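The values are calculated or read from the model by the stated rules, or taken from the named source; none is laboratory data. Small disclaimer: the values here were computed from a predicted structure and weren't measured. No Cβ is skipped: glycine too gets one built from the backbone with ideal geometry, and neighbour counts run over all protein chains shown.
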Ligand SMILES: [Zn+2]
């Protein structure tokens, strides 16, 4: 692979924006410097902003495919499609579907992950599968959201998670369905799987106990969990204010009012994780689609079930960063919430998540409005508008 440099660009690092710099890279980032090197393949970054590859830990589908389809083609297509939004690593996220469908989806994710590791060309043109986020099936019927009630299983089955802990990176569980947090304790003490509280009715006290037992993450904070009230703070408040818990946020202004964006950042800081919760309709036109066996309609930016329930999103992660930035969060911090802090939550910050010497050369070239123009994956061009 030829070493390259992008010169005269504004480079977003973890600590701030460096103006008019040069970044030198091969498959890894070699240097961020004032001085371009002679004799290298040189790209002009004038007027461009460079971001690290973004990481989406909660995304179901893209361009007509769903990670629960149970095929490698589906996961590969999502992995290829989302690069256009600056995403270079992700957790294919399963819906609450049947156990057989879940196991087929896990197997497909395993195969795609192995192929990415063994075939450089494939690995350099698709967003890296870090592992799977299983959104259910151990969730609360009363907060099912757009998950299919037919496949909800209570109480949570720790054995099932342990059996697939080689590929499950994160599992969404409703803690109140877990007797004395037994499964939460077992999963977090015996595996590296992150237990995320979500699709839950847990009150404040129950959620505190679940955090003590091992919950360290929250699935789309505010959505499919109790509303916050002064006499009944609910599990949501426990998640929002715990220093041990990282929180996902769908920054689209539909799932969560934009008035919450900057305040949630101020509370969570490096524990805020932007996600898309994107469905197969993302990247496609308005129309009728299906997710986990349920029909939904996409109109504009909104996906809804026939009864009006919000069903996932068609948000793109770079748009989420823009929305957080426009709410008053400094640019580098809005970017960190979709890259470094997500890498940190997933334990992959030693490889990726920021533009820094020694890390993967996953580089997103944007215009000043954060529209993605080009993406380099492990130093190779993976997307060009
Ligand atoms: Zn979801």
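Show me the strands (runs of 3 or more DSSP E) entirely contained within region 259-358 in which 3 or more residues are within 16 Å of the ligand (Cβ to nearest atom) and within 20 Å of the chain's Cα centre (by Cα). It would help to see each step written out before you state the result.
Details: elements: 272-275, 287-291, 294-299, 302-304, 310-313.
In region 259-358, 272-275, 310-313 are the strands (runs of 3 or more DSSP E) which contain 3 or more residues that are within 16 Å of the ligand (Cβ to nearest atom) and within 20 Å of the chain's Cα centre (by Cα).
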Consider residue 201 carefully, then state whether it is part of a loop (DSSP other than H, G, I, E, B) and either surrounded by fewer than 19 Cβ atoms within 10 Å (Cβ to Cβ) or in contact (Cβ under 8 Å) with a residue 40 or more places away in the chain (or both).
yes
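Can you go through 73, 30, 41 and tell me which one is within 30 Å of residue 286 (Cα to Cα), surrounded by fewer than 19 Cβ atoms within 10 Å (Cβ to Cβ) and out of contact with any helix residue (DSSP H, G or I) (no Cβ under 7 Å at 6 or more places or on another chain)? Steps first, answer last, please.
On the way: 30 fails: within 30 Å of residue 286 (Cα to Cα); 41 fails: within 30 Å of residue 286 (Cα to Cα).
Among 73, 30, 41, only 73 is within 30 Å of residue 286 (Cα to Cα), surrounded by fewer than 19 Cβ atoms within 10 Å (Cβ to Cβ) and out of contact with any helix residue (DSSP H, G or I) (no Cβ under 7 Å at 6 or more places or on another chain).
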Among the residues of region 190-197, are any under 24 Å from the mean Cα position of the chain (by Cα), crowded, with 20+ Cβ neighbours inside 10 Å and in a loop (DSSP other than H, G, I, E, B)?
yes
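So which residues in region 215-224 are in a loop (DSSP other than H, G, I, E, B) and within 13 Å of the ligand (Cβ to nearest atom)?
Residues of region 215-224 that are in a loop (DSSP other than H, G, I, E, B), as a first pass: 215-216, 219-224.
If the condition is that a residue be in a loop (DSSP other than H, G, I, E, B) and within 13 Å of the ligand (Cβ to nearest atom), then 219, 220, 221, 223, 224 are the ones that fit.
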Taking the condition of being modelled with pLDDT of 95 or more and within 16 Å of the ligand (Cβ to nearest atom), how many residues in region 144-168 meet it?
3
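Going by what's in this entry, would residue 242 be described as away from the ligand (no atom under 16 Å from the Cβ), in the same structural domain as residue 184 (by TED's automatic domain parsing) and free of Cβ contacts under 8 Å to residues at least 12 places away in the same chain? Spell out how you get there, then give the answer.
Details: away from the ligand (no atom under 16 Å from the Cβ): yes; in the same structural domain as residue 184 (by TED's automatic domain parsing): yes; free of Cβ contacts under 8 Å to residues at least 12 places away in the same chain: no.
Criteria not met by residue 242.
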Which of the following residues is more than 15 Å from the ligand (Cβ to nearest atom), surrounded by fewer than 24 Cβ atoms within 10 Å (Cβ to Cβ) and closer than 20 Å to residue 60 by Cα: 103, 186?
103
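Looking only at region 121-158, filter to residues that are assigned to a helix (DSSP H, G or I) and in contact (Cβ under 8 Å) with a residue 60 or more places away in the chain; which one of those is farthest from residue 377 (Cα to Cα)?
150
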